[in-house]
Amino acid sequence: LDELRDGLGMSTLAASVLTTLPVLSFATIGALAPRLARGVGIHRLTLLALVAVTVGLATRAVVHQPIVFLLLSFLSLSGMAAANVLLPSLVKAHFPDRIGQLTAVYSTALAIGLTGASVLTVPIAKIGGGDLDWRRGLFVWAVLGAVAVVPWLGLVRRDQAPTEAGTHLSMAAIARTRLGWVMAIFFGLQSLQAYSVFGWLAQVYRDAGFSATTAGLLLGIVTGISIPGSTVIPLLAARMPNQTAIVIALMVCYPIAYVGLLVAPDTVPWLWALVLGIGLCTFPLILTQIGLRSRTAEGTAALSGFTQSIGYLIAVVGPFGIGALYDATGGWTVPLLVLLVLALPQLVVALVAARPAYVEDELPARR
């Protein structure tokens, strides 16, 4: 970020906007994805989303104006947000009997992408020696977007009708269901935890006396453990009508990790990172549940859009709030205690979401 700001002459305010764009785009554009899919078709919209990702990532790496960089970043993030909402619906439409397996595949890909981008961007930017070329480090990810576009060119033929289903199930209808709000709050609280950890855990370890390299490696443990977690948890969740056992096994990790970081952050730092990473595997769990808590692909799309848009609005409070508490108190005791306390309501809604139910059954017309 420092090199990017220097290269573009970006102000502190613009940099703050940039770091906020991911959550804001997921909360806003993600909310529009189900309606757009009904209008143009779910496969066409996925293709358009990938084109937006590719064009945004490629062109922002060559511009010189901060405002243009922000707009192009928002374009690429909007494509990611739309595709993220559509994926559970695509799994439901194409593989209704293999939700666990396919969710495991794509959530594992997300985890690999997260870890890979974190680890490889700077080395790629330093290829050839000399100063860090941040433009090359950002541009390379547009290549993956272009590759991802190719198979979807053959899938747009499946969108023959204006909508994938015979009814128009909107997010407003989901907002009138108890299950919709339970899923949204669960998604929001787990995302709040995740964004707070990704944003501040390295600093927690730095303040405990570790070097920047070690702190980064410890954060890498948190993100890395999500790779096997994203493979196993969706498979287990899809085989269990009630996922209460999985919820308890994951949620018990939060107090263990946070108490460890509070009491002895420098004693077995790798253990606290490992346990916390396991706890954050509530993400692939709720992705699987979105498909399991709806009867149709359209219901999945509406539930996914509502869950993620409301959830990301909740999540945006996390990294900012934790940073503000750290600045106000001058330490990590209060911020970590707040995250520990927030794990309790997350457990409550997670247990409710774990019970077998279908969001369509709670709609007034269905009742």
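The values are calculated or read from the model by the stated rules, or taken from the named source; none is laboratory data. Here the structure is a predicted model, which is why all the values come from computation and not from measurement. Don't worry about glycine lacking a Cβ; one is built from the backbone with ideal geometry, like all the others, and counts go over all protein chains shown. Accessible surface areas use protein heavy atoms only, side chains included; no ligands, DNA or RNA. Shrake-Rupley method; radii C 1.70, N 1.55, O 1.52, S 1.80 Å.
Kindly indicate whether any position in the stretch 236-243 is part of a helix (DSSP H, G or I), of a type outside the set (A, V, I, L, M), surrounded by fewer than 24 Cβ atoms within 10 Å (Cβ to Cβ) and out of contact with any Gly (no Cβ under 9 Å at 6 or more places or on another chain). Scanning the stretch 236-243, I find no residue that is part of a helix (DSSP H, G or I), of a type outside the set (A, V, I, L, M), surrounded by fewer than 24 Cβ atoms within 10 Å (Cβ to Cβ) and out of contact with any Gly (no Cβ under 9 Å at 6 or more places or on another chain), so the answer is no. Residues in the stretch 94-135 that are basic (Lys, Arg) and more than 24 Å from the chain's Cα centre (by Cα) were compared, and the one that is farthest from Leu218 (Cα to Cα) is Arg135. Screening Ser294 on (1) of a type outside the set (A, V, I, L, M, F, W, C); (2) open to solvent by less than 60 Å² (accessible area, probe 1.4 Å); (3) part of a helix (DSSP H, G or I) shows it passes everything except condition (3). When the test is whether a residue is over 26 Å from Ala81 (Cβ atoms), modelled with pLDDT of 85 or more and part of a helix (DSSP H, G or I), Pro335 passes it. Is it true that Val232 is open to solvent by 20 Å² or more (accessible area, probe 1.4 Å), among the β-branched types (Val, Ile, Thr) and in a helix (DSSP H, G or I)? Yes: the conditions hold for Val232.
Taking Ala172, is it among the aliphatic types (A, V, I, L, M), part of a helix (DSSP H, G or I), open to solvent by less than 70 Å² (accessible area, probe 1.4 Å) and within 15 Å of Leu287 (Cα to Cα)?
no
Among the residues of the stretch 302-315, the one identified as touching a Leu at 6+ places or on another chain (Cβ under 7 Å) and open to solvent by 10 Å² or more (accessible area, probe 1.4 Å) is Ile314.
The number of residues in the stretch 251-272 that are under 16 Å from Gln193 (Cβ atoms) and touching a residue at least 60 places away in the same chain (Cβ under 8 Å) comes to 7. Of all residues in the stretch 63-74, those that are touching a residue at least 60 places away in the same chain (Cβ under 8 Å) have Cβ atoms under 9 Å from Cβ atoms of residues that are assigned to a helix (DSSP H, G or I) and among the charged types (D, E, K, R), 6 or more apart or on another chain, in Phe69/Arg60. Scanning the stretch 1-49 for residues that are under 23 Å from Trp200 (Cβ atoms), within 17 Å of the chain's Cα centre (by Cα) and not β-branched (Val, Ile, Thr) yields Leu18, Leu21, Pro22, Leu24, Ser25, Phe26, Ala27.
Among residues of the stretch 90-107 that are open to solvent by less than 40 Å² (accessible area, probe 1.4 Å), those with a Cβ under 6 angstrom from a residue that is aromatic (Phe, Trp, Tyr), sequence gap 6+ or separate chain, pair up as Leu102/Phe95. Is there a residue in the stretch 26-42 that is of a type in the set (Ser, Thr, Tyr), in a helix (DSSP H, G or I) and open to solvent by less than 30 Å² (accessible area, probe 1.4 Å)? Taking every residue of the stretch 26-42 in turn, none turns out to be of a type in the set (Ser, Thr, Tyr), in a helix (DSSP H, G or I) and open to solvent by less than 30 Å² (accessible area, probe 1.4 Å). Take the residues in the stretch 114-131 that are assigned to a loop (DSSP other than H, G, I, E, B) and at pLDDT below 80; name whichever of them is most open to solvent (accessible area, probe 1.4 Å). Filtering first and then ranking leaves Asp131. Scanning the stretch 200-217 for residues that are within 28 Å of Phe26 (Cα to Cα) and either open to solvent by 50 Å² or more (accessible area, probe 1.4 Å) or at pLDDT 90 or above (or both) yields a count of 5. Going by what's in this entry, would Ala301 be described as part of a helix (DSSP H, G or I), over 29 Å from Thr19 (Cβ atoms) and not basic (Lys, Arg)? No, not satisfied. Go through the residues of the stretch 44-56 one by one and say whether even a single one is open to solvent by less than 30 Å² (accessible area, probe 1.4 Å) and either in a loop (DSSP other than H, G, I, E, B) or without any contact (Cβ under 8 Å) to a residue 12 or more places away in the chain (or both). There is no residue in the stretch 44-56 that is open to solvent by less than 30 Å² (accessible area, probe 1.4 Å) and either in a loop (DSSP other than H, G, I, E, B) or without any contact (Cβ under 8 Å) to a residue 12 or more places away in the chain (or both). Condition check: under 19 Å from the mean Cα position of the chain (by Cα), hydrophobic (A, V, I, L, M, F, W, C) and open to solvent by 50 Å² or more (accessible area, probe 1.4 Å). Does Ala82 satisfy that? No. When Ile278, Ile286 are checked against the criterion of being closer than 22 Å to Tyr106 by Cα, free of Cβ contacts under 8 Å to residues at least 60 places away in the same chain and either in a helix (DSSP H, G or I) or of a type in the set (Val, Ile, Thr) (or both), Ile278 stands alone in meeting it.
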